[in-house]
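S.K.: Okay, here's the structure, questions in a sec.
A short reminder: the numbers here are calculations on the coordinates, not readings from a lab. Please read all numbers here as calculations on a predicted model, not as lab measurements. Counting neighbours? That spans all protein chains shown, and the Cβs are built from the backbone with ideal geometry, glycine included.
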Amino acid sequence: MILSNTPPIQSLIRMATSLVKSQYMRSALWEKNRSLVELLAAPQRNSISGASLQERRWSDVAHFCLVLDDKYQRVIKRYVDPLFGANRLQQLQEIAGDETRTIAISGDEKTLNRGIGAAMIMLGTALVAGKAVVPIALIYLPLAVYTSWVPLQHGYRALFHERQLKMSVLASIGIIGTWVGGFYVVGALDLIIFFTAEKLIFISQDRSREKLINIFGQQPRSVWIVADGTEIQVPFEQLQIGDTVVIGAGQMIPVDGTIQHGHALIDQHRLTGESQPVEKAAGDRVLAATIVLAGKIYVEVETSGDSTIAAQLGAILNSTASYQMSIDSKALQLANASVAPTLAAAGLAWLWVGFEGAVATTSATFGFNVRLTGPIAMLNYLNVASQQGILIKDGRSLELLHQIDTVIFDKTGTLTVEQPHVSRIHLFGHLDEATLLAYAAAAEDRQTHPIARAIVDAAQARGLQLPVISGARYEVGYGINVEIDQRMVRVGSERFMVLEQIELPHALHGIQVACHDRGHSLVLVAIDNEVVGAIELEPTIRPEARSVIQALRKRNVEIYVISGDHEEPTRALANALGIDSYFANVLPEDKAKHVERLQSLGRNVCFVGDGINDSIALKKAQVSVSLRGATSVATDTAQVVLMGATLEQLPKLFTLSRQFDTNMKVGLAASILPCFCIIGGVFIVHLSLLGSVLIYNAGLLAGIGVAMMPLLQSRADS
């Protein structure tokens, strides 16, 4: 017999159809699903066509449920999730690289959303129905079976696979006890708390953790290659070994290969850690994920895609275990620690008081309380941090920061900025510094790469009037020829001067050696076939770096600098910032080894970096920090992103961590006291389940009040 053929069920379907029509007749949802509702209400005509009709009905029911679920998930994402921190959600979207799209809803998150909604319906049914059998049987119990499956699964996995007593085990026992005892309201409340806590934990952790690190996130969809002497555009995926790729200024090199002809100034610091751009010409090898600052090169493809050095680094990164993923939050640790004593107390209560006393004990343990209030407190601090320009993608970093005693800063791009500055001007001829700088700035004025901007900025800072150039010839990547006051002015590298057949002064060699030792670079200036001077450029330390280092030192944090540069410039920068320890000449793959070595000595490490070459070290550290505007790989990997693109917020991050730790301790005290009252009440005065629920909820409200304090304080301060 088909269940829908029975008169009571047919009557129920007709009543439901009438209600749906009256409520949603004018809505888009009704228009989309009119045929389904009418089909459900239609009587089955005969047994021959009934089978196919029944199949069609179930297919339409499945489609209808999918449509409803999709709309429900969208409503939660649009209207509910922003209540947990709209500002942080927007920052996560910005870091993901697309502010117009919302973060995708994962399967786990959809399950949690469904669980919360179903538990709410269960609670409403239990409160309205009372002892009525039909609503309980038709609405409550099917939803109870559906929603209980998730915590029961978690409990089974923890007990029989992980062989640990976790909160999921206690939750499973409590759920079974409430159903067996017929405590429907309490059971629904337990499930609401369970799914809400899981949802808060999910939100407070890194919601982009399922996204694989994509080294080629910034690669173009198409590239230009030379075919039969003609430059043509082809999709990036169609590149083959032996093809010749054409790459111009401002473009990222998409392959590993060798330059066939052309020359360029290339920024490699995000991959290799080198602080200064390097000149490359025919015969030189170039690497994917580096950027052409000036020039144009024709590169023969040796490796592309997954075979490049950058992609291999990405593969290592994707297979590297993250420190964050191996730990539970403090709230979960405390909750799990409460399971064994709670089960022991429940067993004694069953023997001493009875079944209801056992259920009261398991349902009102402080572990459930902390498991909910802990994530609420964490989420509030994450939102406060986002308001201060700090995106904490994983809340566990906020807890770990309180334990950090060592901070490692990457040198290039983190403690220094991309654009260098003019440190001194060397004169070899009759010109004075101002005139030489004005000539060089006039030549570089139309260029956009960091070295050109540094020279132009230096001239503007001195208030120099730039002469007018009457003609210019750009030897792209090496230097520039310009005509000023009927004199030929050349500005560029040593290689450029040699190509122009200009003799180099003897004093230049000693200056070059000294500059190299300091990690500085030289730009030569020649007038009418004579080198008359050189402009020395040095990396620019971030203006806020000194104050940030001082603030961290006051917290008794040991600070290191790590760099791919040679020792002299690394030591000079460390001394300038008052840092005692540094690692120089470090290969990209060795940065993580230094992190692990310090960890083996018992140090808790925070790594601050911005490049592809920092990514594995970022993943290995207890806490990883990057800056907005860094490589996408660094911001994908780091658990904390400073959205202001400066280090100014770093001390604030440590302050928030200390405040969070204090809040957790106060919240724990507020949670434990009511639970002791419940256990004592069960054993001494045989406290009922309802009484234990009331006391538990009072403690829960107190814990939530403590957890809400940071958000309330932040609003008061603003």
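S.K.: If you take the square roots of the eigenvalues of the alpha-carbon gyration tensor of the range 644-718 and sort them as a ≥ b ≥ c, do you get rounded (a/c under 1.5), prolate (a/b over b/c) or oblate?
M.R.: On the way: a/c = 5.30, a/b = 3.08, b/c = 1.72.
Here the range 644-718 falls in the prolate category.
S.K.: Kirkwood hydrodynamic radius, the range 635-680, all distinct C-alpha pairs: what's the number in Å?
M.R.: Computed over Cα pairs of the range 635-680, the Kirkwood hydrodynamic radius comes out at 13.4 Å.
S.K.: Still on this structure: Which FRET efficiency value, to the nearest 0.05, is calculated for Arg78 and Arg157 with the Förster distance at 30 angstrom and r the Cβ-Cβ distance?
M.R.: Working: r = 33 Å, r/R0 = 1.08.
The formula returns an efficiency of 0.40 here.
S.K.: Strictly over 20 Å apart at the Cα level, which of Lys554/Lys620; Lys393/Lys665; Lys411/Lys620 would you flag in this model?
M.R.: Values: Lys554/Lys620 25 Å; Lys393/Lys665 23 Å; Lys411/Lys620 18 Å.
Over 20 Å apart, Cα to Cα: Lys554/Lys620; Lys393/Lys665.
S.K.: In nanometres, what is the gap between the two model label sites at Gln550 and Leu673, each 7 Å from Cα along Cα-to-Cβ?
M.R.: 4.3
S.K.: Note the full-extension length gain between Thr303 and Asn529 as 0.36 nm times their separation in residues minus their Cα-Cα distance, in nm to one decimal.
M.R.: Details: separation 226, 0.36 × 226 = 81.36 nm, distance 4.18 nm.
Full extension of this stretch gives 77.2 nm more.
S.K.: Provide the convex hull volume over Cα atoms per residue for the range 422-538, in Å³.
M.R.: On the way: hull volume 11.1 nm³, N = 117.
Measuring per residue, one finds 94 Å³ for the Cα hull of the range 422-538.
S.K.: Arg157: net charge of surrounding residues, Cβ under 11 Å, Lys/Arg +1, Asp/Glu -1, itself excluded?
M.R.: Numbers: positive: Arg163, Lys166; negative: Glu162.
With Lys, Arg at +1 and Asp, Glu at -1, the neighbours total +1.
S.K.: A further question on this structure: What is the gain in length, in nm to one decimal, between Ala576 and Asp590 on full extension, counting 0.36 nm per residue of separation less the C-alpha to C-alpha distance?
M.R.: My answer for the length gained is 2.6 nm.
S.K.: Net charge around Leu265, counting only other residues with Cβ within less than 9 Å of its Cβ (Lys, Arg = +1; Asp, Glu = -1)? Intermediate values should be presented prior to the final figure.
M.R.: Details: positive: Lys280; negative: Asp267, Glu279.
Value of the local net charge: -1.
S.K.: Could you list Asp565, Asp517, Asp410 so that the one with the fewest beta carbons within 10 Å of its beta carbon is first and the one with the most is last?
M.R.: Numbers: Asp565 24, Asp517 13, Asp410 28.
Going from least to most buried by this count: Asp517, Asp565, Asp410.
S.K.: Rounded to the nearest 0.05, what FRET efficiency do Leu348 and His63 have when you use their Cβ-Cβ distance and R0 = 35 Å? Kindly include the intermediate steps, with their values, before the conclusion.
M.R.: On the way: r = 52 Å, r/R0 = 1.49.
The calculated FRET efficiency here is 0.10.
S.K.: Moving to a separate point now. Arranged by the count of other C-beta atoms within 10 angstrom, fewest first, what order do Cys515, Cys65 take? Please report the intermediate quantities before stating the final value.
M.R.: Working: Cys515 21, Cys65 10.
Arranged by neighbour count, lowest to highest, Cys515, Cys65 become Cys65, Cys515.
S.K.: What full-extension length gain, to one decimal in nm, is calculated for Leu712 and Asp517 as 0.36 nm per residue of separation minus the Cα-Cα distance? Kindly include the intermediate steps, with their values, before the conclusion.
M.R.: Numbers: separation 195, 0.36 × 195 = 70.20 nm, distance 5.35 nm.
Full-extension gain reported as 64.8 nm.
S.K.: Under the Karplus relation 6.51 cos²θ - 1.76 cosθ + 1.60, θ = phi - 60°, what is the ordered set of whole-Hz ³J(HN,Hα) values for the range 152-164, x standing for Gly and Pro?
M.R.: 3J(HN,Hα) across the range 152-164, in whole Hz: 5, 4, 4, x, 4, 5, 5, 7, 9, 9, 7, 6, 9.
S.K.: Quote the convex hull volume per residue of the range 104-206, based on C-alpha atoms, as a whole number of Å³.
M.R.: Numbers: hull volume 10.3 nm³, N = 103.
Given the Cα convex hull of the range 104-206, per-residue volume reads 100 Å³.
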